[in-house]
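A quick write-up on the structure given underneath.
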Amino acid sequence: KADLAICDFTITEAREKAVDFTTPFMDLGISILFAKPDDKKPDLFSFLSPFSTDIWIYMATAYVAVSILIFVQA
């Protein structure tokens, strides 16, 4: 038996019957959504999947350009 409790409970109908809740002062509406993973096994280049081919080319170009600039400045 408790007189006071502070936690991040979601107010549900069943909990409202057992506990007197105060009015929530903040409702963030946080949700989590994720895709169901495929059942296929990762291949050798699956680490490249987060970015498209264009993005990988831009990042490689930027890497080379910055490397040359640092070399010239040093």
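Can you spot a residue in region 26-49 that is exposed (fewer than 10 other Cβ atoms within 10 Å of the Cβ) and outside any loop (DSSP other than H, G, I, E, B)?
Start the filter on region 26-49 by keeping residues that are exposed (fewer than 10 other Cβ atoms within 10 Å of the Cβ), which leaves 26-45, 47, 49.
Going one step further and asking which of them are outside any loop (DSSP other than H, G, I, E, B), we end up with 47.
Within region 26-49 (the criterion being exposed (fewer than 10 other Cβ atoms within 10 Å of the Cβ) and outside any loop (DSSP other than H, G, I, E, B)), the answer is yes, since at least one residue qualifies.
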For region 1-25, which positions are surrounded by 10 or more Cβ atoms within 10 Å (Cβ to Cβ) and not in a loop (DSSP other than H, G, I, E, B)? Arg15, Glu16
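With the condition kept exactly as written, say whether any residue in region 51-69 is at pLDDT 85 or above and part of a loop (DSSP other than H, G, I, E, B).
yes
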Across region 50-74, which residue is farthest from the chain's Cα centre (by Cα) among those that are surrounded by 10 or more Cβ atoms within 10 Å (Cβ to Cβ) and not aliphatic (A, V, I, L, M)? Ser67
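Can you tell me which residues in region 26-49 are within 20 Å of the chain's Cα centre (by Cα) and at pLDDT 80 or above?
Those that are within 20 Å of the chain's Cα centre (by Cα) and at pLDDT 80 or above: Ser46, Phe47, Leu48, Ser49.
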Of everything in region 15-34, what is among the β-branched types (Val, Ile, Thr) and under 26 Å from Asp3 (Cα atoms)? Give them in sequence order. Val19, Thr22, Thr23
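The values are calculated or read from the model by the stated rules, or taken from the named source; none is laboratory data. Worth saying up front: this structure is predicted, and the values here are computed from it rather than measured. Here the Cβ is made from the backbone with ideal geometry for all residues, glycine too, and neighbour counts use every protein chain on show.
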